[in-house]
Amino acid sequence: MPCGDTTQNACLDILTALSVYKNSNNSDSLVLLLAGGVYSGPNNTDISLSNITLTIKSANPNSQATIDMKSEAGFIIIADTPVPTTTMLTISYMTVTNSLGAAVTINISNVYTNVVMDNVIATNNNNNNGGVFNVQTSGHSSATTSVVISNSVLNNNTATNSGAVYYTSTPGNLTIVNSVINNNIAGKTGILYIIFSGLYLNNVTMSGNIASSTLMAIANVADTATINGLTYANNNLRNSGGSHIKSIESDVLITSSTFSGNNGGSIIQYKLSSLFYGRLLNINNCKFNQNIGSSVGVLYMDSGAVLNLNNSVFTNNFANDYGGALYLSGSYSAKVSNTLFNNTNVGDDGVGSTVYSSGVSSGLIFTNVTFNTTSNVTTPFYCSMSKLTFNNIKTNAKTFLSCASEDSCTVSGTSDAYSCKDEPADSNDHKKKGLTNGQVAGIVIGVILGIAFVIIIVYIAYKRHHNHHKYRSYH
């Protein structure tokens with residue numbers, strides 16, 4: 001064997017190891033075990049893969065390998081094939097850094113692709129769209145992509161446009177579990193930019209991330225986008241009027257998550273067109289603390305939105321203009337139950353310190369909800385052209401509800417003592433600051449006979465010189 005049959009006869013780089021494997025005409029699964037050290041240069045970057053099952057990982061998790069692309073290339077390119085094939089890749093126990101172009105690029109029309117990134121540090125990677133992953137599929141029905149990121153840290157990655165960590169606008173699935181996403185920057189939209197793809201987040205921390213208008217873009221998801229155990233803290237939007245998480249035409253389930261200390265816009269904006277009525281935003285057992293919205297509050301229920309909010313707590317949130325906790329404008333309906341709103345406020349000219357409702361076509365139902373307020377600017381609840389049902393409402397407010405006019409809203413339920421007759425709002429209040437459109441992602445090779453895989457151990461040759469190669473941009 002040219003190299004890789006023993007530790008002493010180790011291949012010097014990843015590309016050589018793959019060439020030895022391919023020249024052996026072996027179709028078994030392949031495992032590359034990398035010794036601790038830094039791998040860079042043209043034989044360790046822009047690695048093109050197709051029709052292969054490959055694992056690349058550090059031989060010793062306590063002495064991990066680093067793939068350093070030196071801002072000249074990406075790491076992996078999963079290439080297309082003329083006929084339907086399968087490519088499966090696992091990357092684990094290593095650092096992937098300094099890519100120019102996505103660290104992992106998937107651009108296919110005939111390939112079923114499954115990628116797992118486990119116990120990886122992905123840092124300082126940069127691309128126009130998708131700093132760590134750029135995923136695009138088209139064509140044959142088998143061209144679907146599943147990406148799983150687990151036990152990993154994704155930090156300081158950037159996208160000039162969208163998706164500093166992950167970008168896709170095609171069908172597939174993204175799963176992120178037990179991972180940290182911090183200090184990433186998107187020039188425009190999204191640290192995670194998820195269009196048409198499934199999304200599942202579990203036990204993920206997102207902190208210190210920055211984007212212009214949206215940090216997590218979710219649109220046209222085929223199944224329910226599920227977010228559980230998310231800690232979302234100290235993230236920032238540069239442009240006023242944006243939303244940290246923006247979902248369009250999708251079912252979204254958010255459970256057991258905490259959102260705290262975020263700035264620049266609403267935390268969640270949810271919107272449905274008439275074609276997608278029946279989908280909903282379902283929030284259960286979540287906490288929203290000390291978030292600051294530029295114009296509207298924590299939850300922005302846009303046109304057609306359906307909300308089910310349960311067992312949640314809102315504390316010390318603020319919006320300049322409308323609804324420090326909940327802003328509904330042209331929404332379809334909302335149900336809020338077993339929830340506490342505590343000291344949520346708006347600015348000096350604001351309306352509805354906790355809830356602002358305008359034109360909610362099928363009405364709002366609030367059951368077992370407490371409104372504690374310190375606002376001396378406006379009432380906790382403002383209503384215009386909506387049907388309200390209040391059951392077992394508790395509040396310390398002297399006046400709980402104000403309306404655009406005496407007959408603009410109807411009130412029913414066990415707490416129907418609250419009435420628009422209590423305090424009609426200034427008829428111009430709800431027009432003062434309407435949202436504009438601008439406001440409103442060394443090598444050892446051994447084939448084990450009888451077992452359908454190949455193990456390759458990669459030991460870096462400790463040399464100071466590496467050949468450089470030109471970066472091939474992804475379009």
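The values are calculated or read from the model by the stated rules, or taken from the named source; none is laboratory data. Everything numeric in this text was worked out from a predicted model, so none of it was measured. Cβ coordinates were reconstructed from backbone atoms using ideal geometry, including for glycine residues, and neighbour counts include every protein chain displayed.
Going residue by residue through region 81-97, is there one that turns out to be among the polar types (S, T, N, Q), assigned to a loop (DSSP other than H, G, I, E, B) and surrounded by fewer than 18 Cβ atoms within 10 Å (Cβ to Cβ)?
Yes, region 81-97 contains at least one residue that is among the polar types (S, T, N, Q), assigned to a loop (DSSP other than H, G, I, E, B) and surrounded by fewer than 18 Cβ atoms within 10 Å (Cβ to Cβ).
So that you can scan it fast, the table gives a plain yes or no per residue for (1) part of a loop (DSSP other than H, G, I, E, B); (2) surrounded by 20 or more Cβ atoms within 10 Å (Cβ to Cβ):
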position	(1), (2)
Ala17	no, yes
Ser27	yes, no
Val38	no, no
Ser48	no, no
Scanning for something under 13 Å from Gly74 (Cα atoms) and surrounded by fewer than 20 Cβ atoms within 10 Å (Cβ to Cβ), does region 124-145 turn up at least one residue? yes
Counted residues, region 374-417 - those being under 35 Å from the mean Cα position of the chain (by Cα), assigned to a strand (DSSP E or B) and over 20 Å from Phe341 (Cα atoms): 3
Are any residues in region 298-330 of a type in the set (Ser, Thr, Tyr), in contact with a Gly (Cβ under 7 Å, 6 or more places away or on another chain) and either assigned to a loop (DSSP other than H, G, I, E, B) or buried (at least 24 other Cβ atoms within 10 Å of the Cβ) (or both), and if so, which ones? Ser303, Tyr322, Tyr327
Residues of region 266-291 being more than 16 Å from Ala217 (Cβ to Cβ) and not in a loop (DSSP other than H, G, I, E, B), in sequence order, are Ser274, Leu275, Phe276, Tyr277, Arg279, Asn282, Ile283, Asn284, Lys287, Phe288, Asn289
Answer yes or no as to whether Gly293 is in the same structural domain as Asp407 (by TED's automatic domain parsing), modelled with pLDDT under 95 and buried (at least 24 other Cβ atoms within 10 Å of the Cβ). yes
Qualifying positions in region 191-209 - small (Gly, Ala, Ser) and either in contact with a Pro (Cβ under 9 Å, 6 or more places away or on another chain) or under 15 Å from Ile267 (Cβ atoms) (or both): Ser197, Gly198, Ser207
